[in-house]
Amino acid sequence: MRLTNLFIFLLFLTLFSFSLSAQDDLMFETISIPASDELMLVGDYYIPESLSKTEHPTVLLFHMLGGRRSAYEPLIPDLVNAGYVVLNADLRGHGDTGGNQEWDLTVTDVQVWLDWLREQASVDGARIAILGGSIGSNVALMGCANDADCVGAIALSPGIDYRGVQPESAVVEGLSERAVLLVASHGDVYSAESVEQLLTTSTGDVSARLYRGSSHGTNLFRTNYDSVSHLILAWLAEHLAEVET
């Protein structure tokens with residue numbers, strides 16, 4: 001009897017764990033692809049079953065310095081349920097990607113991911129945007145600017161210079177004909193001042209939102225999730241909308 005009860009309890013735990021990993025039918029595949037130096041880049045690729053047979057807009061996610069891709073777990077269900085294919089990647093030197101933190105190579109890794117996405121049957125290669133947090137937002141801005149078909153980028157707490165990753169020319173020049181959303185907190189002074197500078201020097205389609213408090217990067221999900229997620233989804237809906245021909 002005790003063994004039977006133990007079996008039922010273990011079965012319950014297994015089913016409960018599975019339901020957590022597949023909540024809202026968000027099944028994903030973990031992808032590993034080689035970078036230019038053969039380092040294996042790792043990310044999670046989300047495609048709801050209802051989207052698997054047609055091309056859809058896609059969002060590529062990059063986390064903060066010292067973080068990993070799990071930082072986007074609160075946002076991913078909202079993105080996928082809104083109709084976006086999502087690729088959530090660990091930057092080099094972080095998480096399952098591993099290796100060293102080499103930021104020039106990290107920026108070139110963006111193109112590796114974009115090229116891989118455009119090979120996928122469920123991805124509309126002309127409707128891809130990149131979202132990043134902190135130094136990941138600088139990487140997102142620069143990587144998008146380097147790719148002529150990237151629609152635009154969302155930057156959560158960008159900085160004019162994080163460890164030599166400097167996105168100003170990407171915003172002012174590379175993305176001058178595309179779209180950028182800059183988000184920061186007033187109390188996160190360096191990032192708030194960086195957003196002001198980027199907004200002032202750019203002549204493109206750049207919008208900005210500053211929140212109360214001092215939350216930085218993906219930590220904004222902890223303090224302002226409803227507002228930040230709605231802001232992101234509204235921006236994506238506008239800029240990744242299907243172009244009617």
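The values are calculated or read from the model by the stated rules, or taken from the named source; none is laboratory data. Everything quoted here is computed from the prediction, not taken from an experiment. Every residue, glycine as well, gets a Cβ built from its backbone with ideal geometry; the counts of neighbours run over all protein chains shown.
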Checklist entry - Pick from region 81-100 the residues that are more than 13 Å from the chain's Cα centre (by Cα), in a loop (DSSP other than H, G, I, E, B) and at pLDDT 95 or above: which of them is surrounded by the fewest Cβ atoms within 10 Å (Cβ to Cβ)? => result Asn100
Checklist entry - Failed condition for Val195, given (1) closer than 22 Å to Val107 by Cα; (2) surrounded by fewer than 20 Cβ atoms within 10 Å (Cβ to Cβ), with all others met? => result (2)
Item to check | Residue among Gly43, Gly66 that is surrounded by 21 or more Cβ atoms within 10 Å (Cβ to Cβ), outside any helix (DSSP H, G or I) and either at pLDDT 95 or above or at positive phi (or both) | outcome: Gly43
Next on the checklist: Between Asp24, Asp37, Asp78, which is acidic (Asp, Glu), in a helix (DSSP H, G or I) and at pLDDT 95 or above?
Outcome noted: Asp78
Checklist entry - With (1) closer than 23 Å to Thr200 by Cβ; (2) among the charged types (D, E, K, R); (3) buried (at least 20 other Cβ atoms within 10 Å of the Cβ) as the list, and Asp161 as the residue in question, which single condition is left unmet? => result (3)
Checklist outcome for this item: When restricted to Val139, Val107, Val112, the only residue over 20 Å from Ala179 (Cα atoms), in a helix (DSSP H, G or I) and of a type in the set (A, V, I, L, M, F, W, C) is Val112
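Being among the charged types (D, E, K, R) and more than 15 Å from the chain's Cα centre (by Cα) is the filter here, so list the residues in region 107-155 that pass it.
Within region 107-155, Asp115, Arg118, Glu119, Asp124, Asp147, Asp149 meet the criteria.
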Next on the checklist: So, in region 147-156, how many residues would count as being closer than 17 Å to Ser202 by Cβ and not in a strand (DSSP E or B)?
Outcome noted: 2
Checklist entry - Of all residues in region 159-186, which are under 27 Å from Glu102 (Cβ atoms) and in a loop (DSSP other than H, G, I, E, B)? => result Gly159, Ile160, Asp161, Arg163, Gly164, Gln166, Pro167, Leu175, Arg178
Checklist entry - If Val139 satisfies every condition in (1) β-branched (Val, Ile, Thr); (2) surrounded by 24 or more Cβ atoms within 10 Å (Cβ to Cβ); (3) over 21 Å from Val189 (Cα atoms) but one, which is the exception? => result (3)
Checklist outcome for this item: Only one of Asp188, Asp124, Asp147, Asp205 is under 26 Å from Leu105 (Cβ atoms) and either surrounded by fewer than 24 Cβ atoms within 10 Å (Cβ to Cβ) or not basic (Lys, Arg) (or both), namely Asp147
Item to check | Residue in region 187-203 that is nearest to Gly136 (Cα to Cα), counting only those that are assigned to a loop (DSSP other than H, G, I, E, B) and touching a helix residue (DSSP H, G or I) at 6+ places or on another chain (Cβ under 9 Å) | outcome: Asp188
